[in-house]
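The values are calculated or read from the model by the stated rules, or taken from the named source; none is laboratory data. Remember, predicted model here, so these are calculated numbers, not experimental data. When we count neighbours, we look across all protein chains shown, and the Cβ atoms used for this are built from the backbone with ideal geometry, even at glycine. Ligands, DNA and RNA are stripped out before the accessible areas are found, and what is left, the full protein with its side chains, is counted by its heavy atoms. Shrake-Rupley method; radii C 1.70, N 1.55, O 1.52, S 1.80 Å.
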Amino acid sequence: MGLRPVLAFSLAGSIAACAAGDDPALRGSKSESATGARLRQIGGGGGQGLVVFRPYDSGLVMVAEIGGFSPGSYRIAIHATPVCTSPNGFSAGPPLLLPEAGAPVVIAMNINHQGTASMATRIPGLALSGPAGIEGRSVVLHARASGSLEAAPGIPNDRVACGVIGTLSAIL
């Protein structure tokens, strides 16, 4: 059974607060909107998640809540195109390359035996908008800890969930 969006948003805020400690730059108020994506399982199914981004120093903090997937190693990657309509995730486009490093933005995570995962991490070099901006991109959950991040139309790959990055209204 997947996480409900309200629960996921609430948990994401709690994790962000824990990750932030007393740093007000990492905490958001309950009434403000946030930038992020609601992940939906590619090809149907019950898996879903919420990924929220907040500015921090010279980058972003990413908080992710995932539920309804098989246990194991996964990766979250930022992709170039804000489209999640294709049955194999091809529509999300290639991985977004960091402007300075020329490398994709990929964060490893493990989904536990209950099919859920929670994480918060800092990603230097990203911004909400501008040349290093993530707004208007997509977030893709990839099964497996390694392998290609690329996809071709109609060919199975390891993309299992996708969401378009934009403004998330406060739902608390």
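Electrostatic tally near A127: other residues with Cβ closer than 14 Å to its Cβ, Lys and Arg +1, Asp and Glu -1, net 0. When you filter the trypsin sites (Lys or Arg not before Pro) in segment 70-172 for DSSP loop state and at most 16 other Cβ atoms inside 10 Å of their Cβ, you are left with R144. With a probe of 1.4 Å, find how much accessible area segment 111-172 has per residue, and write the answer as a whole number in Å². Accessible area per residue: 48 Å².
Please report the carbon-and-sulfur percent of the accessible area for segment 69-166; probe 1.4 Å, protein heavy atoms only, DNA, RNA and ligands left out.
Details: 2680 of 4540 Å².
After summing per-atom areas, the C and S share lands at 59 percent.
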